[in-house]
1. Give a quick list of trypsin sites (Lys or Arg not before Pro) in segment 109-172 that DSSP marks as loop, anything other than H, G, I, E or B, with at most 12 other Cβ atoms within 10 Å.
2. Counting each DSSP H run of 4 or more residues in the chain as -39500 (n - 2.57), what helix-only mean residue ellipticity at 222 nm follows after dividing by all residues, to the nearest 500 deg cm²/dmol?
3. At a Förster distance of 30 Å, what's the computed FRET efficiency of GLU236 paired with HIS155, Cβ-Cβ distance as r, to 0.05?
4. With axes computed from alpha carbons, what is the tilt in degrees of helix 279-305 against the longest principal axis of the chain, rounded to the nearest 10 within 0 to 90?
5. Lysines within cross-link reach of LYS140: Cα-Cα under 18 Å, excluding same-chain residues under 8 positions apart?
6. Once you keep just the Cα pairs under 8 angstrom separated by 6 or more residues, what percentage relative contact order results for the chain?
7. If you fit an axis through the alpha-carbon atoms of helix 308-337 and take the longest principal axis of the Cα set of the chain, what angle between them do you get, 0 to 90°, nearest 10?
8. Using a Gaussian network model on the chain with a 10 Å cutoff between Cα atoms, which of ALA267, ALA221, ALA72 fluctuates the most?
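Where a number appears in this text, it was derived from the coordinates with a stated rule and is not lab data. Everything numeric in this text was worked out from a predicted model, so none of it was measured. Quick reminder, even Gly has a Cβ in these numbers, built from the backbone with ideal geometry, and neighbours come from all protein chains shown.
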Amino acid sequence: MQVIFASLTGDIMLDALIGAVFAIISYSSLAAVLLTATLTAAGAISFPVALCLVIGANLGSGLLAMLNNSAANAAARRVALGSLLFKLVGSLIILPFVHPLAAAMHKLPLAESELVIYFHVFYNLLRCIAMVPFAGPMAKLCQRLIRDEPELDNHLKPKHLDPSALDTPALALANAARETLRIGDAMEQMLESLHKVMHGEPRQEKELRRMADDINVLYTAIKLYLARMPKDELAEEESRRWAEIIEMSLNLEQASDIVERMGSEIADKSLAARRAFSVEGLKELDALYDLLLSNLQLAMSVFFSSDVPSARRLRRSKHRFRILNRRYSHAHVDRLHQQNVQSIETSTLHLALLGDMKRLNSLFCSVAYSVMEQPDEDDERDDY
């Protein structure tokens, strides 16, 4: 501090710069002004130097605002830049007149420390009044210096639904199938986000809502696209594929609603209430999640390729999931009998998630039966 005081030699530009440093270090122009008033009262600095420090402190607060808003959007950075430029102009105007101003203020019947405070107030007031007429030009200058950033649209939009292909059914169906695969990719991302919510990341709930909206947009686009096809003129195989695409896209859209609701319930009933799943329960949910994700990936492969052996494998995997789901439901009830506190607190949510996962698995795996063209006798009893 003594080194800084020693540098206050009366050079108005250097003194103003030191005042700016004071404001940045103290993270407040007011704190720097109060420090300046204290130093003036103690006789550590002269009155003209004190005025330079106050002017510099105001400039430093503008620099501080720019630093604080460096990561903000363009509008916020423009406001900070305009404030800084106004303060810079005000400083350049008044600094050459510091010594005459100090001599005039000395005639007032007030202590120098009080004069420092009053100078800070009236300097800012007069600067604001003087700069108001130039707010418009300053806004245009800041707009030119800091341009709006291009908005990044992260929402999914249809890419493959070419209207000109509607006259060629095979091509139109291929386009719709490709768009349905995009829904499958989005659903995979939703499951990954749901898994993160299960493990204590509530921010992913917002991502779930966004992706559910995206899937709804893609499903609606596919439905309207296929509705424009002359269905009566389709060959039998094309008509079957048309129905498969409609059914698969609808199942994925319904699944997205379920996943969105699951994420919301976990965030509201578990994370917000600071209730955690038991260690065993979370392991079981993780195991079901892994199998559910695997079944979704296999289902999309079956949908795209119509491979019968893969469809049979998907059907077997569906049954394994159902058996595992039932086993974990019984295990959860056993933990309730053992008075596991965490299991009791999250029991309703845990059982609801098991039921929702069963529904999701049924929606994903239904494509296997349309490919094999034979209904599964167990599927009649599987309510989803």
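1. On the way: sites: ARG127, LYS140, ARG144, ARG147, LYS159; in loops: ARG147, LYS159.
Answer by residue number: ARG147, LYS159.
2. On the way: 16 runs with 287 residues, N = 384.
It comes out at -25500 deg cm²/dmol, rounded to the nearest 500.
3. Working: r = 37 Å, r/R0 = 1.24.
The calculated FRET efficiency here is 0.20.
4. Relative to the chain, helix 279-305 is tipped by roughly 70 degrees.
5. Straight-distance partners of LYS140: LYS87.
6. Working: 414 pairs, mean separation 47.5, N = 384.
So the answer I get is 12 percent.
7. Tilt relative to the chain: about 70 degrees.
8. ALA72
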